[in-house]
């Protein structure tokens, strides 16, 4: 079973990446969230989830373990397949998706293509408790970053950047480098936007 693949990016699109490792090209399905984190790089490491079927061997890759964990949790929900789970992680960041599930935000989940009211409710019922427990640990670490994030968000929106893009960029930065001050967040986010 593959844990991760590290190698040169041979080709990258918002839906997949081809990573070359020891003269072998691996076709790996990715979410938009992962795409935004690796698209500017020549090399990357992706945490892998394998799906082996009778007619296919499919790899899904994620820029961090947190996103892969949410993907795996979504697969455990009846009626949610790999493509739907990947679509969900392309529509919302892992943190936004976790918050929507934990807070029972059916309408937020319904904005995702392929997710109706029943599916959204089933996802919330099946995963709320599990993701809530995981979220408690993260909130302790992230609470001090929230004020900096809000200030940086406000500054970047004032500069004319779309809120959704800014939130994604800031979330990525905070996950990779917790503890950045407002000025560092704004500078690094500007490079990503």
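Annotations for the structure displayed:
- Any hit, the stretch 158-175, residues being at pLDDT below 80 and in a helix (DSSP H, G or I): yes
- Being free of Cβ contacts under 8 Å to residues at least 60 places away in the same chain, in contact with a helix residue (DSSP H, G or I) (Cβ under 9 Å, 6 or more places away or on another chain) and within 22 Å of residue 170 (Cα to Cα) holds for only one residue in 89, 131, 127, and it is 89.
- When residues in the stretch 15-52 are screened for being farther than 25 Å from residue 91 by Cβ and either in a loop (DSSP other than H, G, I, E, B) or under 15 Å from the mean Cα position of the chain (by Cα) (or both), 3 of them pass.
- For beta carbons closer than 6 Å, sequence separation of 6+ or different chains, a first residue in the stretch 32-43 that is on the phi < 0 side of the Ramachandran plot and a second that is surrounded by fewer than 19 Cβ atoms within 10 Å (Cβ to Cβ) and part of a loop (DSSP other than H, G, I, E, B), the qualifying pairs are 32/14; 35/14.
- Members of the stretch 109-118 found to be in a helix (DSSP H, G or I) and over 20 Å from the mean Cα position of the chain (by Cα), listed by number: 117, 118
- Selection status of residue 162, within 24 Å of residue 65 (Cβ to Cβ) and exposed (fewer than 14 other Cβ atoms within 10 Å of the Cβ): no
- Some residue of the stretch 53-60 being crowded, with 21+ Cβ neighbours inside 10 Å and touching a residue at least 24 places away in the same chain (Cβ under 8 Å): yes
Rundown of residues vs (1) over 27 Å from residue 120 (Cα atoms); (2) at pLDDT below 95, yes/no style:
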{"position": "29", "(1), (2)": "no, no"}
{"position": "36", "(1), (2)": "no, yes"}
{"position": "55", "(1), (2)": "yes, yes"}
{"position": "82", "(1), (2)": "no, yes"}
{"position": "86", "(1), (2)": "no, yes"}
{"position": "91", "(1), (2)": "no, yes"}
{"position": "95", "(1), (2)": "no, yes"}
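- Any hit, the stretch 122-136, residues being in a helix (DSSP H, G or I), touching a strand residue (DSSP E or B) at 6+ places or on another chain (Cβ under 9 Å) and at pLDDT 90 or above: no
The values are calculated or read from the model by the stated rules, or taken from the named source; none is laboratory data. The shown structure was predicted, so the numbers you read here are calculated from the model rather than taken from an experiment. Glycine gets a Cβ as well: all are built from the backbone with ideal geometry, and neighbour counts include every protein chain shown.
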